[in-house]
There are 2 protein chains.
Amino acid sequence: MTQRIPIVENILSANDRLAEENRARIESAGVFSVNLMASPGAGKTSIIEQTLSRLADKLRVAVVDGDIATSLDADRAAAAGAQASIQINTGGECHLDAVMLQGALNQLDLSKFDLLIVENVGNLVCPADFRLGTHKSVLIASTPEGDDKPYKYPGMYRGVDALVVNKIDLLPYLDFKMDYFQRGVEALNPGVVTFPVSCRTGEGLDAWTNWLAQNVKR
Amino acid sequence: MTQRIPIVENILSANDRLAEENRARIESAGVFSVNLMASPGAGKTSIIEQTLSRLADKLRVAVVDGDIATSLDADRAAAAGAQASIQINTGGECHLDAVMLQGALNQLDLSKFDLLIVENVGNLVCPADFRLGTHKSVLIASTPEGDDKPYKYPGMYRGVDALVVNKIDLLPYLDFKMDYFQRGVEALNPGVVTFPVSCRTGEGLDAWTNWLAQNVKR
């Protein structure tokens, strides 16, 4: 008989242990943290810019940006008022993991911040499998992606604590049935808090940033 | 001294060998094959539907749909006129690989087809690393994803043989600078054949389907 070696399981447990360490570190500094996940182009960076424009005068915000290449996102976060902005270039990896976040935390004095926003790599699959240690996982969906995405990417929709539905200003130009989308979401993640927003018109963004601010311990 | 064991390299070479077998099999049947890759929601399935509506009376088309869950895409391809439509559920995997395509080819009598369209899992990162054995790799970009995607996902943009830019009907409602986008594409993949299209208005789709049809050996 051959023995099956559970390599994937071990890697995930190692990641989970490190995620717990990250969480303890963030927690003990009194920082509230979110992990923003989305498809490429759903608007993670735009949401962060809009969030900073609403919160940067009230809260001290650090942003950690995960990307395969470039520092475009960290540059945008810094320009939008993040008091610290750190770029993680994953070197081709399709997701952030707890080790990468640990590396970024090593560059931050967490005691100087209230809110930590982690922008994951644009990907609706792999990031769902790697806990980072943040308090809340947030999925940013986008109306032009289509209303069938909960059905097709159940792992991501199932695992998040909040859902932002971006680009609602485009609804008049799309065949996006909000009922069908929401039925899919509800089946996977009943009662998940949902924020329909538009970064172009500003609609809905106050509700989203209020939710973030209410989660910050003062 | 410890020895570094190149596991990833070996997995990729095994995949490449199998991709070559798939290619030989497709080639000897006289079939032209494409691997469609894109972000979730860029419009792969809609492009396939539009392609079938233009080609299904001229060419015998088989569609292989890769998805994490559901058979929604294969159902849509069948409804749109594909003469064979096979769903690969990857069981959570974020890309297709040559083994999965081999499994699908085992279900097809290739001698009965002219064109094989493979729809990869929606993901701008991982599918770029796994050759399937198809003749051409095609990236479907989408204007609402934003004009910075070539800069942020260089691996995908660099490796494709053709680029479809979908949802150009939305350009009036977006901050998408086509010049900036195209400069990024050109830097990574000079002269790559590009088809700006809209599945809503039909614009540009004839040029795309003509390119496919011209590649089919008759």
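Quick notes
- For the range B:143-154, the candidate set comprises residues that are facing chain A (nearest Cβ under 7 Å) and in contact with a helix residue (DSSP H, G or I) (Cβ under 7 Å, 6 or more places away or on another chain); within that set, the residue that is surrounded by the most Cβ atoms within 10 Å (Cβ to Cβ) is B:P144.
- Scanning the range A:186-218 for residues that are over 20 Å from A:L115 (Cβ atoms) and acidic (D, E) yields A:E186, A:E203.
- Scanning the range A:100-142 for residues that are among the polar types (S, T, N, Q), in contact with a strand residue (DSSP E or B) (Cβ under 7 Å, 6 or more places away or on another chain) and crowded, with 24+ Cβ neighbours inside 10 Å yields A:N120, A:T134, A:S142.
- Close Cβ contacts (under 6 Å, 6 or more residues apart or on different chains) running from residues in the range B:28-39 that are over 22 Å from B:V165 (Cβ atoms) to residues that are acidic (D, E) are absent.
- B:K44 falls short on exactly one of the conditions (1) within 27 Å of A:C126 (Cα to Cα); (2) away from every other protein chain (no Cβ under 14 Å); (3) under 16 Å from the mean Cα position of the chain (by Cα), and that condition is (2).
- Count of residues meeting criterion [within 11 Å of another protein chain (Cβ to nearest Cβ) and polar (S, T, N, Q)] in the range A:65-107: 4
- For the range A:70-142, the strands (runs of 3 or more DSSP E) that sit wholly inside it and include 3 or more residues that are under 30 Å from A:D175 (Cβ atoms) and at pLDDT 95 or above are A:136-142.
- Residue within the range B:182-200 that is among the hydroxyl-bearing types (S, T, Y), assigned to a helix (DSSP H, G or I) and away from every other protein chain (no Cβ under 14 Å) present: no
Yes/no per residue for (1) within 19 Å of A:I48 (Cβ to Cβ); (2) touching a residue at least 24 places away in the same chain (Cβ under 8 Å); (3) polar (S, T, N, Q):
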{"site": "A:T134", "(1), (2), (3)": "yes, yes, yes"}
{"site": "A:E145", "(1), (2), (3)": "yes, yes, no"}
{"site": "A:K149", "(1), (2), (3)": "no, yes, no"}
{"site": "A:I168", "(1), (2), (3)": "yes, yes, no"}
{"site": "A:A187", "(1), (2), (3)": "no, yes, no"}
{"site": "A:T201", "(1), (2), (3)": "yes, yes, yes"}
{"site": "A:G204", "(1), (2), (3)": "yes, yes, no"}
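- Condition met for B:A62 (part of a helix (DSSP H, G or I), farther than 18 Å from B:C126 by Cα, away from chain A (no Cβ under 14 Å) and without any contact (Cβ under 8 Å) to a residue 60 or more places away in the chain): no
- Residue identified as under 17 Å from A:A128 (Cβ atoms), buried (at least 22 other Cβ atoms within 10 Å of the Cβ) and away from every other protein chain (no Cβ under 12 Å) among A:L36, A:L52: A:L36
The values are calculated or read from the model by the stated rules, or taken from the named source; none is laboratory data. Remember, predicted model here, so these are calculated numbers, not experimental data. Ideal geometry is used to build each Cβ from the backbone, glycine not excepted, and the neighbour counts take in all protein chains shown.
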